[in-house]
Amino acid sequence: MWEPYKKGYKAWLQLERSLSDHSVEAYCRDIELLTRYLQLQTDPPRPTDINSESLRLFIHWIAEMGLSASSQSRIISGIKSFFRYCVLEQIVEADPTSLLEAPKQKRTLPDTLSFEEIESMIAAIDLSKPEGTRNKAMLETLYSCGLRVSELTGLRLTQVHAEEGFVQVVGKGNKE
């Protein structure tokens, strides 16, 4: 009953939103979780039958699963995205997710190194060894550009524009 909608949604995520394969799969898992919940009911509803109350019950169900607030928020985001698609494609007239709120998340800033700690790490590099210059360049680039390690290790020489003074980075979600 939901399969044609799920297939259309997946294509929309790939073609219209240009999301990475990883993101598309995550969004599709969210819809799969919703349909699994709905099939627990005696008369599983179609997307056109979903209302804000049934979605509130779904959110309560995922909260009882013991998922963290961030996991619940991500799932709710996927459900909201699905119903935005349904509105755009005129599958549903109104978005039943418009009044949904994700659980509050505790925001913590990542731990960062002080300037002195960075300087100490750079000073500890043995420049007499062949890999010393490379290691220093890597640390300097990580620190000065604010890169993730995965972004640094994914860099190619064609992305380093030394004369212009910038580095072209492909980050999380294949975004530049």
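Observations on the model:
- Ascending count of other beta-carbon atoms within 10 Å, so fewest first, for 136, 7: 7, 136
- Which listed pairs, of 80/106; 10/136; 10/172, have C-alpha distances above 32 Å, in listed order: 10/136
- Label-point separation, residue 36 to residue 67 (7 Å along Cα→Cβ), nm: 0.9
- Virtual spin-label span in nm between residue 158 and residue 16, 7 Å along Cα→Cβ: 3.2
- Region 80-100-region 133-158 distance, computed between alpha-carbon centres (Å): 42
- Projecting label points 7 angstrom from Cα along Cα→Cβ for residue 122 and residue 134 puts them 2.0 nm apart.
- With R₀ fixed at 35 Å, the C-beta to C-beta distance from residue 89 to residue 148 puts the FRET efficiency at about 0.45.
- Checking (1) 8, 25, 28, 22, 12, 4, 0; (2) 10, 33, 33, 18, 5, 0; (3) 8, 26, 24, 16, 15, 9, 2, 0 against the coordinates, the calculated P(r) over Cα pairs in 10 Å bins from 0, in percent falls under label (3).
Every number in this text was worked out from the coordinates using simple rules, so none of it is lab data. No experiment lies behind these values; they were computed from the predicted model shown. So basically every Cβ, Gly included, is an ideal-geometry build from the backbone, and we count neighbours across all protein chains shown.
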